[in-house]
Structures are given as C-alpha cells and as structure tokens.
Amino acid sequence: MPTMTERATIKTITKHYIDGAFVESHGREVMELISPTNGTTIAHVTLGDEEDTRHGIAAAKRAFATFRRSTKEERSKILRRLHAAVATRIDDLTTAMVEEYGGVVQFAEPILQAGANAFLAAEKALQELPLTRSWGKTTVTLEPVGVAGVITPWNANSMFLSFKLASAVAAGCTVVMKPSELSFQQTQVWLECVHEAGLPQGLCNVVTGRGEVVGAELVRNPGVAKISFTGSAAVGKSIMRDGAATMKRITLELGGKSPNILLDDADLGKAIPTALAIAFMNSGQACVAGTRLLVPRTRLDEVKRAILDAIRAFPAGDPANPKTAVGPMVSQKQYERVQSYIRQGIKEGAEVLVGGEGHPKGLEAGCFVKPTVFVNVKNDMTIAQEEIFGPVLCVIAYENEEDAIRIANDTSYGLHGYVSGTDVQRARRVASQILAGRVAINGLLDDQQAPFGGFKHSGVGREFGTFGIEAFLEPRAILE
C-alpha cells in the first residue's frame, strides 16, 4: 500500500450507476478530491444533479414492479453473490479508504470485512423472518415498502452502502443510493463489485452528489417511499421534516456522545487501553466512539497514570502504516472543527492531560489532530455534550454507581454505551440502565443480528438483522 509520501496518479471519475450500467453524469459540477493525509489532489469527480437522481428513481421504480414479487431464495442468491463480489475486493476498498479520507489500515480492513459479511448476515436474518403470518381467516404479509433512498456518510462509506443494500434486497426493495461526495473512490470500487454480482437491472442505482442536490431530490421525490440515512443529527432532522410532505418512511442513524462507565472494580491494565481504542476508533470519526469516560473519583489519579502509560500505543501518523492508530481528519474543515472544540474545552476549564491544540510533530502537511484526553471535565461542558468527531476523550469523575448512570444518560444522544468492570453481572445491571440503542460490556463488540440505532437525538428506527429488514417492509392484512 502506498505511503503518505507517495503521490498517486490523479483519477477522473465522471459516471454514476443507473439501471445496471455506468452512465455519464448529467450534472456538470466538478469537485476536487483532496487527500487529508498530505493535501494533494487525488481525483477530479463529476457530481450528479436532480436529473441524474430522477433517472435513478425511474430505473428503481421499473425494477421494483418485478423485484417486489421475488422469493426468499431469489433474494438470498443475490445476497450471496454480493458477498462474494465485495469480499474479493477488500484490499482495493482498503486502499481507497486510506487514500481518500485517511482511514487507518487497522480500522479499515475489519470494517470493510464487516461490510462484506453484512450480505450473509442479511440472508440469515431473511430466512428467520416470517413474511407471512395467519390466524383464523386473517393473513398478514410483510410487503416491501417501495423504492428506498439511501444516504451514506464518508466515514466507512462502502461499509454503510453494504449494510443498507443488504437489508433492502432482503426486504424486496430497490434502491437509489447517494454516497458521500468525499468517498468517490470507495464508491467506484464498491460499484464495480455490485456490477460484477449481476443484480437485476435497476435494483441498485447510485448517484453521487451533494446532499442539498441529490439527497434533497430523494427526500422530496414522491417516487421514493423510504429514506435510510446515516449522518448528522441536523441533517437527519431536516430529512424527517421534509420527508413528511410525501409520507416517507424514515430510518435515521445519527450522532452519538457515548459514555463508557469504568466501574470501581475494573482492571485498568485492560480497561484503559480498551477505552482509548473505543474513543479513538476511526481517528475519533465514528458515531459509536466512547468519547466520555466516566471513572470513580476514588480512582481518578490511577486512571490518569494509566492513560499516560497507554496513550503511547495510539500514535498519529501515516494511515497506511498498520501501526498507526490515529490518521488525519477527513478534511481541513473537520480539522478546524476539532481544533475549535479543543480550544473550547480549555476555555471552559477542562485540563489537557495529553494532546491539545495543533498538529502532531512532523504531521503539519495533513489534517492531523493530536490524540487528546481532557480531565477535570464536567458533564455540562461543551466538549462533553456535543459530538466532536475527532480523537478527543473527556474523562469525567463520578461519586457512585447511581451518579455514573445519571451522568451517562445526561445527554441528548443515545446511540451507544459501554461498561467496563470485573463483575459481569454488575456490569450488566448498570448497562441495562443506560438509555442507548446498544451497550457493550468490556470491549467494542458487534453482532450483525442485533438491532443498531439510537434513542433520543441519535435517531429513529433500527438497522441490522430482522430489525433492519423490517424497516423496509409494511404489513398488509387480508381478512375473509
């Protein structure tokens, strides 16, 4: 894999994927894709417009007329083909992910493998989901809702595309997808996989463009029955509001400010490295990052020493280096955003234990942020309440278990939570009181059959497993 000092050939991407073919963009706006690692131009890409989006919707509508009547076995065969096609291109997807947004290799590879496995997970869930239920003379069938508009973010874009397409296909829906315009290269490789899988014509259509153009057309177009969106809470709220005009079904997976409760019996030798890994995953650019570490006040000094010792295993640097834990922020804009939060934390009285403002030494050419840990943080501080989306961890002291749960839930978000402790039954009891869609005990855990989504401002609806498939279905009852 090329290092950050090796400049790649500038690519030109001008096509979208509509009705089973790569087609030239009707939209003419050209965007320069900049490497966040070294600031060089890596691609010139042509953005789609409303006309491209409408062509995609029309193709999806034509395909839906047939695909909605497909059987479980027919959908399962498609899911297996998609898995095979994506699984063979993990290396290429990793290269694109590292180059265009600086995702570190140690994060990119397992995330992309999870994306490929999502198709098999959806097949398994489909086989377990009864699409017909009867009692007496009543029959209820679960019907695909229609054409789905799918909008995905730049952080692990191809993984999100796989997750959402898998559920939609399992449900019998056709899709028009709008990936992030910052992820053109990931999208290009992923689309080559989709094309190789030989899907029915028009089942999967992809138009890459700006949210206020392509995304807005998906949300307002009456030909789209459902929107599945992953991204910011602000955009999610606008989708919910604007989609109401055409009665869109909506699934929103939004931001998070996830707590990690360190119980007083935790083994710091294990819990602190795990807490840093959870906080700094994807260079902190992850909605599930555990960015609030809640620690017993009686162990606060121990925790500080453990963090200073463990932080050496989380260096910032070349994302193509397997030893690098923290890569650059996706853009200069995101770099400045994270810097502003670090300054705000200092202004409000939090203490920088490690990291702080500016670039790490020797990484001034890219959008790199120092892995930063704040201590003496109060939960009402800006850095404890707002999603920073960078490698910034807030350490918050609590008095007792009840206080820890109160602080954990004192947020407008509720996407994920973590509990660390030796007594697993106690940890489970604490986890059951956290208002979040998922809570993991002693680590960063995943189960693709378990529902994923949030409470409060972290979203509406669930993805993964039968829960994710049901989000693309509507029940219909026939009574005799």
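Numerical summary
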read-out: Qualifying residues in segment 424-442 (those that are without any contact (Cβ under 8 Å) to a residue 60 or more places away in the chain and within 21 Å of the chain's Cα centre (by Cα)) - the one surrounded by the fewest Cβ atoms within 10 Å (Cβ to Cβ); value: ILE441
read-out: Search result, residues across segment 372-398 that are touching a Phe, Trp or Tyr at 6+ places or on another chain (Cβ under 8 Å) and either within 13 Å of LEU300 (Cβ to Cβ) or crowded, with 21+ Cβ neighbours inside 10 Å (or both); value: ILE383, GLU387, ILE388, GLY390, PRO391, VAL392, LEU393, CYS394, VAL395
read-out: The one condition in (1) part of a strand (DSSP E or B); (2) of a type outside the set (Val, Ile, Thr); (3) touching a helix residue (DSSP H, G or I) at 6+ places or on another chain (Cβ under 7 Å); (4) under 21 Å from ALA121 (Cα atoms) that GLY149 fails to fulfil; value: (4)
read-out: Residue count, segment 394-428 (criterion: part of a loop (DSSP other than H, G, I, E, B) and among the β-branched types (Val, Ile, Thr)); value: 2
read-out: Any hit, segment 280-291, residues being surrounded by 24 or more Cβ atoms within 10 Å (Cβ to Cβ), assigned to a strand (DSSP E or B), touching a residue at least 12 places away in the same chain (Cβ under 8 Å) and among the hydrophobic types (A, V, I, L, M, F, W, C); value: no
read-out: Meets criteria (assigned to a loop (DSSP other than H, G, I, E, B) and closer than 26 Å to VAL369 by Cα) for GLY39; value: yes
read-out: So SER331, is it more than 28 Å from VAL439 (Cβ to Cβ), in contact (Cβ under 8 Å) with a residue 12 or more places away in the chain and surrounded by fewer than 22 Cβ atoms within 10 Å (Cβ to Cβ); value: yes
read-out: Single residue of GLY243, GLY284 found to be in the same structural domain as SER158 (by TED's automatic domain parsing), small (Gly, Ala, Ser) and out of contact with any Cys (no Cβ under 6 Å at 6 or more places or on another chain); value: GLY243
read-out: Filter result for the condition that a residue is crowded, with 20+ Cβ neighbours inside 10 Å, in contact (Cβ under 8 Å) with a residue 40 or more places away in the chain and in a helix (DSSP H, G or I), over ALA114, ALA125; value: ALA125
read-out: Selection within segment 402-423 - of a type outside the set (S, T, N, Q) and either touching a strand residue (DSSP E or B) at 6+ places or on another chain (Cβ under 6 Å) or buried (at least 17 other Cβ atoms within 10 Å of the Cβ) (or both); value: ALA404, ILE405, ILE407, ALA408, TYR413, GLY414, LEU415, HIS416, GLY417, TYR418, VAL419, GLY421
read-out: Which listed residue, of ILE311, ILE250, is within 27 Å of PHE464 (Cβ to Cβ), in contact with a helix residue (DSSP H, G or I) (Cβ under 9 Å, 6 or more places away or on another chain) and either in the same structural domain as PHE229 (by TED's automatic domain parsing) or not polar (S, T, N, Q) (or both); value: ILE250
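Results for (1) crowded, with 21+ Cβ neighbours inside 10 Å; (2) closer than 28 Å to GLY421 by Cα; (3) in contact with a Cys (Cβ under 8 Å, 6 or more places away or on another chain), shown as yes or no for each residue.
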residue: LEU444; (1), (2), (3): no, yes, no
residue: GLY453; (1), (2), (3): yes, yes, no
residue: LYS456; (1), (2), (3): no, yes, no
residue: GLY465; (1), (2), (3): yes, no, no
residue: ILE469; (1), (2), (3): yes, no, no
residue: ARG476; (1), (2), (3): no, no, no
residue: GLU480; (1), (2), (3): no, no, no
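The values are calculated or read from the model by the stated rules, or taken from the named source; none is laboratory data. Quantities reported herein were computed from a predicted structural model and do not represent experimental measurements. Backbone-built Cβ (ideal geometry, glycine too); neighbour counts: all protein chains shown.
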